[in-house]
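*Asks:* Before we start, here is the structure in question, set down as structure tokens.
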Amino acid sequence: MTAAHAPPMPAVARAEARGSIYRLAAAALGYPLAETQQAFADGRFHQSLDDAWQRLSGEPWPRLAPSASLTDLEVGYMATFIHGDKGKPRVPLVANAYPDLLAGLSPGSYLLNVQAFYRHFGLTAALGDEGLKDEPDHLVAMLEFCALLCHLERRALEGDADVSPYRRAQRDFLARCLGPLLHAVRESYARQRDLGLDATLEHLIETLPDWADRQCRALEAEVGPCPDPGSSKATPDTASQPLWD
């Protein structure tokens, strides 16, 4: 069974599964913690991700050998996402490190556009909780934001409220921010060799871009296509915000 032929599921369950994938991916791709390594080693991470992945795609998440230790997990993560030539990461996890993603904007203007999404949902202060306050374009911050949007969508569905603002926000953020970054990270990683990255992290890097594209298409089928982002360059605070209200 392919993702295109996954069984239909209730909207609440779909939002919950989508949010779980964002949340788990964010936890896995953050700086390695002992809890993360333990969850990889004892299978809890696989069980949680496999459940959500199968509900959305109809396909299992593969069982992958975990890093032998937290040290091994850290070494592979550091070699891939922190260290590199001339002090720059081999595979950056921040969007402003990829000039093609800026679409002619300065890094500061691009960050303002990303922050406009967060600010609309009251997340400016919350970013500091994970040490990402100065990196709103970090992949982990973007994944966590999408998890929040899925939570808000699910809450609206359960309360019989209008879900379209949250779906439009997800669609726009996937199309303009998270999706392009995921593809850039995958392309950058594909140019590297033998960095010792944990197999689960590697598989996330390889599969999340296409999965995010499918989520964006599904959202476009529900609330329409993403508008042309051209107008967002001059006024990031007003670019997408009215579309969500």
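*Asks:* Across region 98-105, in residue order, what do the Karplus-derived ³J(HN,Hα) couplings come to in whole Hz, using 6.51 cos²θ - 1.76 cosθ + 1.60 with θ = phi - 60° and x for Gly and Pro?
*Replies:* Ordered by residue, 3J(HN,Hα) equals 10, x, 5, 6, 6, 6, x, 7 Hz.
*Asks:* Once all Cα-Cα distances of region 3-244 are split into 10 Å bins that start at 0, what whole-number percent is in each one?
*Replies:* 7, 32, 37, 20, 4, 0
*Asks:* Pick from 157, 143, 93: which residue has the top mean-square fluctuation in a GNM of the chain where Cα pairs under 10 Å get a spring?
*Replies:* Highest fluctuation of the listed residues: 157.
*Asks:* If each residue's Cβ is checked for other Cβ atoms within 10 Å, how do 210, 100 rank with the fewest at the top? Don't skip to the answer; put the middle values down first.
*Replies:* Values: 210 14, 100 10.
Exposure proxy ranking, most exposed first: 100, 210.
*Asks:* Counting other beta carbons within 10 Å of each residue's own, what order do 191, 63 fall into, fewest first?
*Replies:* Numbers: 191 8, 63 12.
Fewest-to-most Cβ neighbours within 10 Å comes out as 191, 63.
*Asks:* To the nearest 20 Debye, how big is the dipole of region 3-244 about its Cα centre, given +1 on the beta carbon of each Lys and Arg and -1 on that of each Asp and Glu?
*Replies:* 360
*Asks:* Can you list the HN-Hα couplings for region 78-92, worked out from phi with the Karplus curve (6.51, -1.76, 1.60; θ = phi - 60°), rounded to whole Hz and with x for Gly and Pro?
*Replies:* Result, ordered by residue: 4, 4, 8, 9, 10, 8, x, 5, 6, x, 9, x, 5, 10, x Hz.
Values quoted throughout were computed directly from the atomic coordinates according to the rules given, and no laboratory measurement underlies them. The structure presented is a predicted model; accordingly, all values stated were derived computationally and were not measured. Here the Cβ is made from the backbone with ideal geometry for all residues, glycine too, and neighbour counts use every protein chain on show.
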